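Student: Take a look at the following structure, please.
Please treat every number below as a calculation from the coordinates, not as lab data. A quick note: this is a predicted structure, and the numbers were derived from the prediction, not measured. Here the Cβ is made from the backbone with ideal geometry for all residues, glycine too, and neighbour counts use every protein chain on show.
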Amino acid sequence: MRQENELIRLDNVKVTYPAGTEALKDINLSVQKGEFMFVVGSSGSGKSTFIKTLLGEVKAASGRLLVAKHDLGRMKRRELPYYRRTLGVVFQEFRLLDDRNVYENVALAQRVIGVSSDKVRRNVMQMLEMVGLDERKRAYPKELSGGEQQRVAIARAMVNRPSILLADEPTGNLDPKNSWEIMNLLEEMNQLGTTVIVVTHNNEIVDKLKKRVVTLNKGEIINDEVQGGYIQ
Ligand SMILES: Nc1ncnc2c1ncn2[C@@H]1O[C@H](COP(=O)(O)OP(=O)(O)O)[C@@H](O)[C@H]1O
Ligand SMILES: [Mg+2]
């Protein structure tokens, strides 16, 4: 059923890698605007492939994939950069530029899309305040803790105000305290209206937050619950 507030929709999506691995088999999924959703499942179940497919990095072999009114199967290569602006993404290993300071790491995301310099300053500082790192703006990634680096990555992902924030195991390299801080920050972004999809192995956090949980197993959705828990 097609709904007014549907932001992401997958109909019978199948993703096959060149070697022949069917990483996603027959995915049917609908995500509403403003949802917070966890994606869980054992290693190799297709979680990262799911994120990459949404990013347009991996093409579906068949099926239909609609994201923010874009039909990914029909999208031209040159449209991809524009499409990507609707998405923010955060990874387990932070992926910050080590030779740029905190401010520059976040500002670059704005400069590449041509935002004027006074607006860049305002938007970057606003995001850094939001993640609690405005006073560390001149620090380099190596001078920050893992939790702080991930907060910079979230600021960078959010600075262009994407409608969707994707996070692939964002707390995979963090201790429990920092993991909670990052999850709380992702929840805050969600409360501000961003649709958030988080791949995680953190069963404690998944069980406590009572969000929607989609469980993948061997490329298939085996469970999809509104206030779900972590299934081993
Ligand atoms: N670039 C790739 N080329 C070939 N096979 C891949 C590639 N990336 C992932 N796979 C395979 O696809 C399946 C799903 O992988 P992935 O999406 O990374 O799972 P997860 O993130 O849940 O651990 C696995 O069998 C994996 O080996
Ligand atoms: Mg993965």
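Student: Would you mind pulling out the separation of the Cα centroids of the range 53-76 and the range 92-163, in Å?
Tutor: One Cα centre to the other: 28 Å.
Student: Can you tell me the Rg and Dmax of the range 28-78, counting just the alpha carbons, in angstroms?
Tutor: Cα radius of gyration and Dmax of the range 28-78 are 12.0, 35 Å respectively.
Student: Throw me the Rg/Rh for the chain, computed over C-alpha atoms with Kirkwood Rh, two decimals.
Tutor: Here the Rg-to-Rh quotient is 0.96.
Student: Where in the range 99-130 does the label zone of A139 land, with the point 7 angstrom along Cα→C-beta and an amide N cut-off under 19 Å?
Tutor: Only 99-108, 124-130 pass the distance filter.
Student: Quick one: if you take sqrt(5λ) for each eigenvalue of the C-alpha gyration tensor of the range 110-232, what semi-axes come out, biggest first, whole angstrom?
Tutor: 29, 17, 12
Student: Also, I was wondering about something else. Lys and Arg at +1, Asp and Glu at -1: add these up for the other residues within a Cβ distance under 15 Å of N105 and post the number.
Tutor: Taking every Cβ under 15 Å from that of N105, the sum is +3.
Student: Which shape class applies to the range 97-161: rounded if a/c is under 1.5, otherwise prolate when a/b exceeds b/c and oblate if not, where a ≥ b ≥ c are the square roots of the Cα gyration tensor eigenvalues?
Tutor: Prolate is the answer for the range 97-161, as a/c is 1.5 or above and a/b outweighs b/c.
Student: Starting from the 7 Å offset along Cα-to-Cβ, what nm value, one decimal, do you get for the label separation of E129 and L29?
Tutor: Output for this residue pair reads 3.5 nm.
Student: What range in the chain is the longest one free of trypsin sites (Lys or Arg not before Pro) that are in a loop by DSSP and have at most 11 other Cβ atoms within 10 angstrom?
Tutor: Working: sites that count: R2, K69, R74, K76, R138.
By the stated rule (loop sites, at most 11 other Cβ atoms within 10 Å), 139-232.
Student: A further question on this structure: What is the log10 of I(q)/I(0) for the range 180-224, computed with the Debye formula using one identical point scatterer on each Cα and no solvent, at q = 0.13, 0.28, 0.29, 0.31 Å⁻¹?
Tutor: -0.32, -1.14, -1.18, -1.25
Student: If you wrap a convex hull around the C-alpha atoms of the range 19-122 and split its volume per residue, what is the figure in Å³?
Tutor: Residue-normalised Cα hull volume stands at 167 Å³.
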